[in-house]
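Here's the structure we're looking at; comments come further down.
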Protein chains: 2
Amino acid sequence: MKRREWLATAASLSSLAALGGLAGCASAPLRGTGDLGTVIGRANGTLYIVDTSTRALLGEVKGLGDLSHASVVYSRDGLFAFVFGRDGALTRVNLLEQRITHRVMQAGNSIGGAISADGTLVAAQNYTPGGIKVFDARTLELLADVPAAYAPGKLSRVVGLVDLPGRRFAYSLFDADAIWVTDCSDPRHPVTQKFEGIGRQPYDALVTPNGRHYIAGLFGEDGLAMIDLWADQPTVRRILGGYGKGQQPLPVYKMPHLRGWAVAGRHAYLPAIGRHEVLVVDTESWAEVARIPVAGQPVFVMARPDGGQVWVNFSVPDYHRVQVVDTRNQAVIRTLEPGKAVLHMEFTPRGEAVWISSRDDNRVSVIDTRSMATLARLDVPAPSGIFFTSRAARMGF
Amino acid sequence: MKRREWLATAASLSSLAALGGLAGCASAPLRGTGDLGTVIGRANGTLYIVDTSTRALLGEVKGLGDLSHASVVYSRDGLFAFVFGRDGALTRVNLLEQRITHRVMQAGNSIGGAISADGTLVAAQNYTPGGIKVFDARTLELLADVPAAYAPGKLSRVVGLVDLPGRRFAYSLFDADAIWVTDCSDPRHPVTQKFEGIGRQPYDALVTPNGRHYIAGLFGEDGLAMIDLWADQPTVRRILGGYGKGQQPLPVYKMPHLRGWAVAGRHAYLPAIGRHEVLVVDTESWAEVARIPVAGQPVFVMARPDGGQVWVNFSVPDYHRVQVVDTRNQAVIRTLEPGKAVLHMEFTPRGEAVWISSRDDNRVSVIDTRSMATLARLDVPAPSGIFFTSRAARMGF
């Protein structure tokens, strides 16, 4: 986006006050990037840039294509956002100049990505063609293409991609019942370790904050697959097998998400597929220790950075609600209704506030996680994912 | 520092290549702040600004006074460093413009500070006059002065200051055997909760990454004092009582530091005062579960962000060494000698590297935490503390 276009666009924004900082420099504002973030404009292919200190919209970048299931990772310095579009586009955006610097159509159907711990490699996970592709974070030059080939002529859809320490990525093969770990230490010659028969249809995954346990949810059966990556010889272990067994399965309205941390203290909080429950798992024994009844089928189950609370949103028809769990006693302490069609939540780096997108109310709400007061509301057309630059400093996001 | 002075200064730096980025803007470089940091020039009152992506020195800011025991916290956006000098000065530095924006002499003898979770309040902990002072982070205007008065006419030296969620600060009174928690929700009317008789001479403290447990080390007796801040009625509990009892005490060459996180998984790693040992504590039972013999009296015991390693440096005469503990088996796996008089260590945000200052070799070393290879060496005169902007996103730093 050119400077002139940017100004025309900016004039339409609701938060013109936030633009004062632009005067200091001819090309972009002199400001830090630690409190920046982005909100996906799901319907209009636009990335909205926000400031979590002033709780204001700073600008927007258009032309990002189909963002219906988009996600974002950040460069180490917090200057560049890498946006993974559903249409297979990977776009690099300069947040201060508010413009696209690089853009490649890298697949036909993509479902997110990750950035290596050292910030040099960006990886995309693709449905079509199934596999991952690894790019130079500075130029988006393709460095490695790892097709998820599991049988002659067959490529699996890839889900649950996360970064691991040491330029490695872990991901799951939905159609191949497998987890792969690819080491890109030499990015043009990636080395992949394959774990087969992990359980039917892994649909998403998370890595624990310490990078130790990779956990994939299974859609084709009850339970999750877990790998202890710190073991000398990592193997796959089934956890929570049969958590819904013998009970009438509910229709699944939306696949839950596991991405991001849902680990608080020694417990992991996981959405039960199709059930109105959050499962609580001990991260030492990996046994279920509690189930928390919630207001619908959970989609995101996210721990506040300090682990004191877990916030949950829901699929249709309960997606106007958000529930807050107190991790001291595993009880729901609050039910909020921040707007219609809650699609995502993101905590500020130290967790004093949470940002929540309500797609059908064209609104992002900022809520104090202690008082539960609404601190701000931002007008954003059909917002979905919210991503703050503090993700750059954390593993597995 | 004026622009002209800055250029003159910059010419003397070893990393001129890093200055290329300055060309983009008349007043300061267009760049993110997420990968910036500072190194204290202990002997010359200078703050050195570094880039953890290029592992280069970017510039320096002079005139910060006595930095012999200085520490730094950051604004939420990563643009401003707040430097607490030993002489009682509090200085606010713009990292991109490389200049001082505000500076106050707020005490006669100061020992560090903290910034509130929401980034609005900066607090200094002082020896003379004993107490804390709270400032507006934008202007350094004094908002609250809380003298550590514990008897008529007596003010205690304050140590172990940390931020807690919700604009609160916890700190310890060395001379009063007390821990205070001050709530600055209304900063001009702070409310202080006092815990008395916590044990003799608390000398430093830490808060666990979840903000739940505040732990003060005791110089006047064996053991530590701990408060569970999540309890409905927090009380002080003694942990590790008598860990050195019955053994010949060693002379203490330098007080260990507790600041920063030394929590990895469910264990906390703590320096044993005067002993060549690191104590390992279970953070659920708060019982000692192991002791790790190390190469000297530990000063800093710091967990890599993923908790997979704990790094330890030492007091005289062993302060040319650094040891690395593998937390899987609590064993020292490596002893490094990065230079003379190792004073501080700082991990990159995701822990792929650690920066180590060697005062008497006028060197900062950057070391890969997996291969243990030295990735870079920077020439810095008498470096001590190293602080990265990623601290802004974390509690208790």
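Quick test of your reading of the structure: B:V299 fulfils all but one of (1) closer than 30 Å to B:P165 by Cβ; (2) modelled with pLDDT of 95 or more; (3) touching a Ser or Thr at 6+ places or on another chain (Cβ under 7 Å). Name the failing condition by number.
Only one criterion in (1) closer than 30 Å to B:P165 by Cβ; (2) modelled with pLDDT of 95 or more; (3) touching a Ser or Thr at 6+ places or on another chain (Cβ under 7 Å) is unmet by B:V299, namely (2).
Which one is modelled with the lowest pLDDT among residues in segment B:22-31 that are facing chain A (nearest Cβ under 7 Å) and within 20 Å of B:E60 (Cβ to Cβ)?
Ranking the candidates gives B:C25 first.
Which residues, taken from segment A:105-135, are farther than 19 Å from A:G385 by Cα and either within 14 Å of chain B (Cβ to nearest Cβ) or open to solvent by 40 Å² or more (accessible area, probe 1.4 Å) (or both)?
Across segment A:105-135, the qualifying residues are A:M105, A:G108, A:S116, A:A117, A:D118, A:G119, A:T120, A:L121, A:Y127, A:T128, A:P129.
Please state which of the following conditions B:V322 fails to meet, knowing it meets all the rest: (1) farther than 30 Å from A:G34 by Cβ; (2) buried (at least 24 other Cβ atoms within 10 Å of the Cβ).
Exception for B:V322: condition (1).
With the requirement that a residue be open to solvent by less than 10 Å² (accessible area, probe 1.4 Å) and more than 10 Å from every other protein chain (Cβ to nearest Cβ), what does segment B:386-395 give you?
Selection gives B:I386 alone.
Being of a type outside the set (D, E) and free of Cβ contacts under 8 Å to residues at least 24 places away in the same chain: is that true of B:S172 here? Steps first, please.
Working: of a type outside the set (D, E): yes; free of Cβ contacts under 8 Å to residues at least 24 places away in the same chain: no.
For B:S172, the condition - of a type outside the set (D, E) and free of Cβ contacts under 8 Å to residues at least 24 places away in the same chain - is not met.
Checking B:R370 against (1) within 14 Å of another protein chain (Cβ to nearest Cβ); (2) closer than 21 Å to B:F80 by Cβ, which single condition isn't satisfied?
So the condition that B:R370 fails would be (2).
Which count do you get for residues in segment B:282-294 that are hydroxyl-bearing (S, T, Y) and in contact (Cβ under 8 Å) with a residue 40 or more places away in the chain? Break it down stepwise before answering.
Within segment B:282-294, the first condition is being hydroxyl-bearing (S, T, Y), and the residues that meet it are B:283, B:285.
Okay, now just the ones that are also in contact (Cβ under 8 Å) with a residue 40 or more places away in the chain, so B:283.
Adding up the residues that qualify gives 1.
B:E221 fails exactly one of the following numbered conditions: (1) open to solvent by 10 Å² or more (accessible area, probe 1.4 Å); (2) within 22 Å of the chain's Cα centre (by Cα); (3) free of Cβ contacts under 8 Å to residues at least 40 places away in the same chain. What is the number of that condition?
Just one mismatch for B:E221, condition (2).
Kindly check whether there is at least one residue in segment B:331-354 that is of a type in the set (G, A, S), closer than 26 Å to B:E60 by Cα, open to solvent by less than 10 Å² (accessible area, probe 1.4 Å) and within 17 Å of the chain's Cα centre (by Cα).
yes
Quick test of your reading of the structure: B:V322 fulfils all but one of (1) more than 14 Å from every other protein chain (Cβ to nearest Cβ); (2) touching a residue at least 60 places away in the same chain (Cβ under 8 Å). Name the failing condition by number.
Just one mismatch for B:V322, condition (2).
Return yes when B:I292 is open to solvent by less than 10 Å² (accessible area, probe 1.4 Å), over 22 Å from the mean Cα position of the chain (by Cα) and β-branched (V, I, T) and no when it is not. Can you show your working first?
On the way: open to solvent by less than 10 Å² (accessible area, probe 1.4 Å): yes; over 22 Å from the mean Cα position of the chain (by Cα): yes; β-branched (V, I, T): yes.
In short, yes.
Looking only at segment A:43-83, which residues are charged (D, E, K, R) and either in contact (Cβ under 8 Å) with a residue 40 or more places away in the chain or within 13 Å of another protein chain (Cβ to nearest Cβ) (or both)?
Scanning segment A:43-83 gives A:D51, A:R55, A:E60, A:K62, A:R76, A:D77.
Within segment A:209-231, can you find the residues that are within 14 Å of chain B (Cβ to nearest Cβ) and either within 13 Å of A:V181 (Cβ to Cβ) or at pLDDT 90 or above (or both)? Outline the logic, then answer.
Taking segment A:209-231 as the starting set, the residues that turn out to be within 14 Å of chain B (Cβ to nearest Cβ) are A:209-214, A:228-231.
Passing the criteria: A:G211, A:R212, A:H213, A:Y214, A:D228, A:L229, A:W230, A:A231.
Six or more apart or on different chains, Cβ under 7 Å: which pairs go from a residue in segment A:295-312 that's within 14 Å of chain B (Cβ to nearest Cβ) and within 15 Å of A:D368 (Cα to Cα) to one that's in a strand (DSSP E or B) and of a type in the set (G, A, S)? Could you list them?
The qualifying pairs are A:A303/A:A264; A:V310/A:A264; A:V310/A:A303.
Mind listing whichever residues of segment A:161-176 are more than 21 Å from the chain's Cα centre (by Cα) and crowded, with 21+ Cβ neighbours inside 10 Å?
If the condition is that a residue be more than 21 Å from the chain's Cα centre (by Cα) and crowded, with 21+ Cβ neighbours inside 10 Å, then A:A176 is the only one that fits.
The values are calculated or read from the model by the stated rules, or taken from the named source; none is laboratory data. Keep in mind that this is a model prediction, so the values were computed, not measured. Using ideal geometry, Cβ is built from the backbone for each residue, glycine included, and neighbour counts are taken over all protein chains shown. Remember, those area values only see protein heavy atoms, side chains included, never the ligands or the DNA or RNA. Shrake-Rupley method; radii C 1.70, N 1.55, O 1.52, S 1.80 Å.
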